[in-house]
Structures are given as C-alpha cells and as structure tokens.
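Read through the structure below, which is laid out as structure tokens, and then see the notes.
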Amino acid sequence: MPAPAAALDPLVRWAAQEPGGASRVFIRGDAVAVAAPGLSGRDRLVVAGPAADAVPLVRVVLPRIGPGFRPFGDRALLRAVVAEVPGLAPVADFGWMQTDRPPDGPAEGAAWLTAADADETSALLDEAFPASYAYPGRCGPGERWAGVRTGGRLAAVAALAWCAPDVAFLAGVATAPSARGLGLGRTACAFLLREALADRPLAALVVDDANTPALRLYRALGLAYRPLAAAAQRAEPRSASSAPPETIRETSSTRSSR
C-alpha cells in the first residue's frame with residue numbers, strides 16, 4: 001500500500017531517520033506520525049497530514065509509545081491536536097527553516113573540527129549556548145562539527161546532527177560572546193550548508209521565534225521559515241482500546257507499506 005502524501009513532508013522524512021532504525025511510523029488515512037526517540041534531544045512524535053486523520057491517529061498512538069513523547073508539527077495542526085486529544089498541553093512555538101540551495105557569498109575561515117576539538121567546542125557552547133541540545137558526542141550517528149577560529153581560538157561552531165538520509169539538520173550554532181557581530185556564525189553555517197547540500201537534497205534547522213538575530217541570519221542564508229509547535233503529555237494518555245485496530249497501521253518506513 002502506498003504511503004500518504006504526508007510521508008513526503010521534509011519534517012516527516014527527517015523524523016524517520018534511517019530505515020530500520022529506532023523510529024516507528026504510524027499511518028491513518030492521509031496522516032503520518034513518526035515516533036522518534038532521542039531526536040534532537042527529545043523523544044518526539046512528529047505529526048503531519050489533515051487534522052481529520054491526524055487527531056485520531058495521535059489519540060491512538062500516544063498510549064503505544066509512552067508518556068515521554070512530545071507531539072511536534074505544523075502549528076495549526078498541533079493546536080487542533082491539543083484541543084482534541086486528552087492529556088496534552090502546548091509547550092513551545094518555534095520555526096522549522098529549510099533550503100535546497102547553497103548560500104551565496106564566501107565561507108572562508110570555516111573548517112571541519114575533529115575529536116581533538118570536542119572539549120573546546122563544549123566549552124564554547126557552555127559559554128555561548130548552554131541550552132543547546134547539540135553537544136559533541138550527543139548528536140546521533142554521523143555527527144560532524146565545523147568551526148571558525150580567530151587568533152587560534154575557537155570562536156564559532158555549528159554541527160550536522162541527527163541527519164536523515166535526505167534531510168541534513170544543523171544544530172549547535174553558537175558564537176563566543178567576544179566574537180559576535182563579526183559574521184563568524186554566518187561563516188560556519190554557510191560552510192555546513194554547502195557541505196550538507198553536496199550530499200543531500202535538503203538542509204534544515206529549528207529556531208526559536210524570539211531569536212531575532214538567528215532568524216535574520218538564517219533568512220539571509222536562504223532558509224525559508226515554517227511555523228511549528230510542540231506539545232507535552234501532562235497525564236497518562238487515554239486507552240486506545242476503543243479504536244478499531246484496522247484504522248491504524250504501523251510500518252518501518254515512510255516510503256510504502258504492505
């Protein structure tokens with residue numbers, strides 16, 4: 001049986017990660033939900049598709065995957081889900097930004113970092129971005145860090161983290177406070193975007209709505225903004241026993257199911 005159109009959503013493709021991995025894919029009608037443990041620092045349930053199918057899908061899936069998973073998806077859809085699924089509460093609004101084109105302009109000065117740079121990278125994050133989910137050694141298979149040095153010291157970093165086969169994901173973007181305003185964060189991001197888009201058709205990241213400088217930077221690099229929201233389970237989900245089992249199918253892939 002072919003997968004619904006929502007399976008082509010870049011957010012869904014990113015959440016599904018590697019085929020056969022830890023993610024679980026659930027389908028109801030034209031909606032898809034991907035339970036992705038440890039994705040970008042949290043257990044997430046990425047949801048896409050029409051609310052008429054997504055709401056009952058989330059209602060049935062939550063009891064199957066446990067209380068730690070947070071529904072995550074387009075803002076309007078998540079608001080409909082929170083309004084109709086018992087035990088959910090909104091926790092954050094933010095943006096997904098993506099591009100399929102490498103940025104214009106130079107990226108000289110940025111380079112790949114190595115394992116020998118991990119402690120220095122962590123120290124910079126501790127100083128400049130302690131709330132980052134991305135830290136060396138925590139970002140899933142294939143994580144890679146890039147950085148910019150000034151005077152021999154690491155001044156800006158960014159990572160490719162939690163990447164899917166066809167969606168590169170940027171995280172851990174940080175600039176030392178003493179080096180801000182010099183364009184070093186842009187240099188690190190431009191370097192990563194070019195490297196990522198040489199191997200994958202799409203690159204993306206998430207950003208807080210209140211982070212105006214970051215939004216300005218990412219838009220200047222050519223990334224388009226998409227409003228998202230997340231919710232958390234505040235109570236044990238209602239039992240799914242009343243739902244007809246044939247209305248929900250689980251598969252290991254977003255591509256197709258038999």
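What follows draws every value from the coordinates through simple rules; no lab data is involved. What you are looking at is a predicted structure, and each value in this text was computed from that prediction instead of being measured. Cβ coordinates were reconstructed from backbone atoms using ideal geometry, including for glycine residues, and neighbour counts include every protein chain displayed.
Couple of notes before you dig in:
- Cα centroids of the range 8-81 and the range 101-180: 28 Å apart.
- Pair residue 83, residue 115: separation of 7 Å Cα→Cβ label points (nm): 5.2 nm
- Estimated from helical segments only, the mean residue ellipticity of the chain at 222 nm is -8000 deg cm²/dmol, where each DSSP H run of four or more residues counts as -39500 (n - 2.57).
- Taking other residues whose beta carbon is less than 15 angstrom from the beta carbon of residue 213, and scoring Lys, Arg as +1 and Asp, Glu as -1, yields +2.
- Once the C-beta distance of residue 52 and residue 225 is scaled by a Förster radius of 35 Å, the resulting FRET efficiency is 0.85 to the nearest 0.05.
- Among 29-38, 203-212, sorting by the average number of other beta carbon atoms lying within 10 angstrom of each residue, highest first, gives 29-38, 203-212.
- With a Förster radius of 22 Å applied to the beta-carbon distance between residue 250 and residue 18, the computed FRET efficiency rounds to 0.80.
- Using only Cα coordinates, the Kirkwood hydrodynamic radius of the range 167-206 works out to 10.9 Å.
- Taking every DSSP bridge with both residues inside the chain, close to 90 percent are antiparallel.
- Length gained on full extension, residue 234 to residue 180, computed as 0.36 nm times the residue gap minus the Cα-Cα distance: 15.5 nm.
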